[in-house]
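Worksheet: the structure to be examined is printed underneath.
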Amino acid sequence: MGPVRVTFRRTFGLARGLYTTALATAGFLSWSALAFAFGLEEAEGLRVELAPLWAVSLAPALPFLAAILGMDVWSDERRSGRIDVLLSSPVRERDLVFGKFLGVWAITLLNIVIALVSSLAFVRMFAPALLEDVGFVSFLPGVCALAVQGMLWCAVAVAASAWFMNSAAAATTTIALLSVIPRGAWYALVKWSGAGRSAFGDMPLDAQVFDFASGFVSTGALVSCFILAVAALLFASKAVAALRCVGRGGRGFLATTWFAVFLGAVATVLAVGLAYRLDIGLDLPLGKRAMRFSARTRDILAESRGTVTVTAFLERGDPRFRPLSHFLKALSAEADAMCGVRIGVRYVDPALDLGEAGRLDREGVRRDSLVFEHGGRIVGTLHLEDDCGERACMSVIERVSLPFRRSCVYWTKGHGEASFDDYGPFGLSNISRDLALDGYGNKTIDLTSGDAIADDCALVVVAGAKNEFSAAEMNRLRNYLEGRGGRSEGGRLLVLLDSAESGGLSTLLSEWGIRPMAASLPNARTLSGTDVVVRDFATNHVVSAPFVGQQMVLDDPVSFGESAAAESASAADRRQYSPLVGVDGTCLAAAVEWGEGGSKLALRPTRIVAVGDTGFVQNAPLRKYANANRDFFLNAVKYLSGRDVMTQSGVEPDLLVSGMDRDERTRFAICSGVAFPSAMFLLLSVLVMSRRRKA
Amino acid sequence: MLEVRNIAFSYDRRKVLRDVSFSVSPGEAVAIAGDNGAGKTTLLKILATLMAPESGAILSDGQDALSHPLRYRSQLGYMQESPALYEDMTVKSYLKYRARLKGEPDKRIRRRVGEATEICRLADVFDTMIHNLSFGQKKCVALADAMLLRPRVMLLDDVLAGLDVPMRESVGKIVSTVATFSSVIVTGHEIPDIVKWASRVLVLRNGSISSSVPAAGIARTEFAARVDKALKGGG
């Protein structure tokens, strides 16, 4: 049996028989359970995952546990004089140090496992809903993260114990090195340095555990932990060896020993620097929601150019901060890996970064938002209470950072349509300016001329035609929609109708599945007698899904139904008719997607969106109403022009809902944080007592 | 055979040992006597490689102990003045633990422990917790630990200190037994007891060996008288 194993067994066995261990275990369980209970309450209803939350609850208590478990392993040997017996044995110092370290680490791991099992048991007892979608495997990355961090803490505790003859001094030093100094430095940095806040928004030690527990492993952090642990153990063995260097004769040996320690420290710094320089982010397949991005997200990141700065505008104490920080860091790393757009991440705490927070306030940014800046100006904001996951973030990034593609919106003219360059109350200049900001050109098209519709046409808009389209014009529109004339894809048409027979387009629309109807709206809720307030948005379509909970205002709108055209379509054709918005079951806007066969439908479909009103995006209503009219129109244009990234959902976290009321929360905290640790302490104490009595 | 050549040692400015040289053959039990602070314990710690000498060499069977400390320690048994043992263990488990730590193969541990227990007469307290033992018994356990693997060199610091007369005689017999297979070096002040079994007494004065009194060829009383005289500075 090797000396490492012998020393490990001795250290492990000794720790089992100490009241100190029982006390440390109880303290650790109590602290971590109360932190977990508090974290659950804070994260209630937010997008926070259970496993990382649990792991982060344990992380701050771990240095204290390691300090108490490790404080005696060497200092007690020195105090009692047993060190001479050990050192006169034919064993290397490093073997003794490593064996003792393994003993302390094993007890620490045991504590982590007990904490996990007890936490899961109490969660199952008080909030079983939390464990419905979360398996035991989800917690393994968190356990691994704590084990890796615990390894480093235990190594440092053993090193401190080798240095001090006094156990209390060893424990105090360990706690200072592992908890007080790093956390104090981070707090000071965050409190008083804006640059520090940007660079270290999250406590690095906790963030490391959180990231690992979420399934996102930083190899740099992992390797650094190993390197630092080895360095701490090397230091410990040298400190033990230095005990032989008493007197003048030991000076030379002492000098070489400390020179070796110095070289070790330099090598450690270089190795840690190199590890972080060559850092690779790994996704663990164990976690339910490891930070893996969708194929669409990766495509956008690869194809986009420039720099987008994402600012998290919320307080650091917010439970959403760490998951958000984790997500942004992962997104930024993914962008770097894809060599496309560069995503810079900043944090602005409204309570601390007063200057920057004031600027964002003046820009009209709400707190608890993600702010996207490109080219020195704010190009998008997402509020955390709304959808601000991968899908929404990529939608913003895609909009601002994809390389410029010349695509134009062609507006028909000559039939009494509203004009995009009309700055009057009934013009569409406001909405066309928004289109220009999104990268679209605005052009008019005269269907009476014989020219083919240009290749740069993203979509054709018919904005409230009052006069009939001629047969030739209709044919040109049909050819365009069917992808004839050398076009490689089906056409895209946005029709705004002021009446069911507007411009004679009802026939064309009916051919593609949308049937305008003249029926008036029953029970319409109005603002001014004729306006209709629309609150029903279809959640299963990309155009309307983001508007749930908002409202649009239409002026005496036309309604739509599904035409019989689909029934006469050939079997190979695929068609999807989607009501988008409505009132009391009446559809006021509809979309249709139609193509030949599944592949054509998926890649090059014909798309038409019809809205039963032209006035809803005219200049006057847009100035008057604070509603979703503008966004709905822009979303429809985006859908028609093919920039429909929102249809590609990424990995979105669920909400954490424990279902516990106040009393249950209190009971949960008391049972897991007070009663169970106390029972553990009593049990371990009885075991220690019985062992001693038996002896 | 253990050879000590020109060992010197000083704590910063205070010279403790200067030019200490002697040798101990296998089967010999050499006692180092001297006043308090003469450097007996320091010398033994140096021989146990717990301290580094300022100069000099320690040769065990011709090999430099300071250059190959691990090999040397595998042939070494060391007992310090005050026995420092793991109080939470029984005698049996402690000796087994020590044997394992010293690298003894599992299959031989039982025999080694049994042998040491028999020589040190610990059979009665074999399963007793160490914290329940008397000081003398603890010293015997420490002695058993030192002789566990039949080392070639045994260093026993103040081996008789704190023991009553029967216990001193008992320990003396143990040392005599151990000396049949080891080069034994002991330190102590209990000269009347030591001369009963020591084969030679070295007197350490002013940091060096001032005299060496062999027991061979003379009666024990005469040997004691010569040692006493040497200690009083009579040469």
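The values are calculated or read from the model by the stated rules, or taken from the named source; none is laboratory data. These figures come from a predicted structure and were not determined experimentally. Here the Cβ is made from the backbone with ideal geometry for all residues, glycine too, and neighbour counts use every protein chain on show.
Pull up the range B:58-78, narrow it to residues that are outside any strand (DSSP E or B) and buried (at least 21 other Cβ atoms within 10 Å of the Cβ), then point me to the one that is nearest to the other protein chains (Cβ to nearest Cβ). Applying the filter and picking the extreme gives B:ARG73.
For every residue, the table says whether it meets (1) surrounded by fewer than 19 Cβ atoms within 10 Å (Cβ to Cβ); (2) at pLDDT below 85; (3) in a loop (DSSP other than H, G, I, E, B).
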{"site": "A:MET291", "(1), (2), (3)": "no, yes, yes"}
{"site": "A:ILE300", "(1), (2), (3)": "no, yes, no"}
{"site": "A:VAL310", "(1), (2), (3)": "no, no, no"}
{"site": "A:PRO323", "(1), (2), (3)": "no, yes, no"}
{"site": "A:LEU331", "(1), (2), (3)": "no, no, no"}
{"site": "A:ASP336", "(1), (2), (3)": "yes, no, no"}
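For the range B:34-57, the count of residues that are within 11 Å of chain A (Cβ to nearest Cβ), under 24 Å from B:LEU101 (Cα atoms), among the β-branched types (Val, Ile, Thr) and part of a loop (DSSP other than H, G, I, E, B) is at least one.
A residue that is modelled with pLDDT of 90 or more, in the same structural domain as A:VAL148 (by TED's automatic domain parsing), over 21 Å from the mean Cα position of the chain (by Cα) and of a type in the set (Val, Ile, Thr) occurs somewhere in the range A:22-36. Would you say B:GLU87 is buried (at least 19 other Cβ atoms within 10 Å of the Cβ) and touching a residue at least 12 places away in the same chain (Cβ under 8 Å)? Spelling it out, it is not the case that B:GLU87 is buried (at least 19 other Cβ atoms within 10 Å of the Cβ) and touching a residue at least 12 places away in the same chain (Cβ under 8 Å). Among the residues of the range A:102-134, which ones are surrounded by 22 or more Cβ atoms within 10 Å (Cβ to Cβ) and either polar (S, T, N, Q) or not assigned by TED's automatic domain parsing to the domain that holds A:VAL158 (or both)? Those that are surrounded by 22 or more Cβ atoms within 10 Å (Cβ to Cβ) and either polar (S, T, N, Q) or not assigned by TED's automatic domain parsing to the domain that holds A:VAL158 (or both): A:THR108, A:ASN111, A:SER119. Taking the options A:GLY364, A:GLY317, A:GLY358, A:GLY380, name whichever one is over 26 Å from A:LEU189 (Cα atoms), out of contact with any Phe, Trp or Tyr (no Cβ under 9 Å at 6 or more places or on another chain) and without any contact (Cβ under 8 Å) to a residue 60 or more places away in the chain. Of A:GLY364, A:GLY317, A:GLY358, A:GLY380, the one residue that is over 26 Å from A:LEU189 (Cα atoms), out of contact with any Phe, Trp or Tyr (no Cβ under 9 Å at 6 or more places or on another chain) and without any contact (Cβ under 8 Å) to a residue 60 or more places away in the chain is A:GLY364. Looking at the structure I just gave you, is B:ALA146 among the hydrophobic types (A, V, I, L, M, F, W, C), within 18 Å of B:ARG121 (Cα to Cα) and not assigned by TED's automatic domain parsing to the domain that holds B:PHE9? When the stated conditions are applied, B:ALA146 passes them. Considering the range B:5-27, and only residues there that are buried (at least 19 other Cβ atoms within 10 Å of the Cβ) and either of a type in the set (Asp, Glu) or within 14 Å of chain A (Cβ to nearest Cβ) (or both), the residue that is nearest to B:LYS196 (Cα to Cα) turns out to be B:VAL20. When B:ARG100, B:ARG112 are checked against the criterion of being more than 12 Å from chain A (Cβ to nearest Cβ), at pLDDT 90 or above and over 17 Å from the mean Cα position of the chain (by Cα), B:ARG112 stands alone in meeting it. Might you check whether a residue that is closer than 22 Å to B:ARG226 by Cα, away from chain A (no Cβ under 14 Å) and among the basic types (Lys, Arg) occurs anywhere in the range B:182-198? The answer is yes; a qualifying residue exists.
Under the condition of being closer than 17 Å to A:VAL156 by Cα, surrounded by fewer than 18 Cβ atoms within 10 Å (Cβ to Cβ) and within 14 Å of another protein chain (Cβ to nearest Cβ), the residues counted in the range A:234-281 number 0.
For the condition within 21 Å of the chain's Cα centre (by Cα), within 30 Å of A:PHE253 (Cβ to Cβ) and more than 10 Å from every other protein chain (Cβ to nearest Cβ), B:MET147 qualifies. Residues that are within 45 Å of the chain's Cα centre (by Cα) and in contact (Cβ under 8 Å) with a residue 60 or more places away in the chain within the range A:239-266 comprise just one, A:ALA239. Here A:GLY427, A:GLY416 are screened, and the one residue that is at pLDDT 90 or above and part of a loop (DSSP other than H, G, I, E, B) is A:GLY427.
Only one entry in A:ALA67, A:ALA43 is at pLDDT 90 or above, of a type in the set (A, V, I, L, M, F, W, C) and either within 19 Å of A:ARG5 (Cβ to Cβ) or in the same structural domain as A:PHE210 (by TED's automatic domain parsing) (or both), namely A:ALA67. For the range A:192-233, which residues satisfy the criterion of being among the aromatic types (Phe, Trp, Tyr) and surrounded by fewer than 20 Cβ atoms within 10 Å (Cβ to Cβ)? Within the range A:192-233, A:TRP192, A:PHE200, A:PHE226 meet the criteria. So, in the range A:90-99, of the ones that are surrounded by fewer than 22 Cβ atoms within 10 Å (Cβ to Cβ) and facing chain B (nearest Cβ under 8 Å), which residue ends up farthest from B:ALA99 (Cα to Cα)? So the residue we want is A:ARG92.
Condition check ((1) within 24 Å of the chain's Cα centre (by Cα); (2) in contact (Cβ under 8 Å) with a residue 60 or more places away in the chain; (3) closer than 18 Å to A:LEU69 by Cβ) across all residues:
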| residue | (1), (2), (3) |
| --- | --- |
| A:PHE98 | no, yes, yes |
| A:GLY103 | no, yes, yes |
| A:ALA106 | no, yes, yes |
| A:VAL113 | no, no, yes |
| A:ALA121 | no, no, no |
| A:PHE136 | yes, no, no |
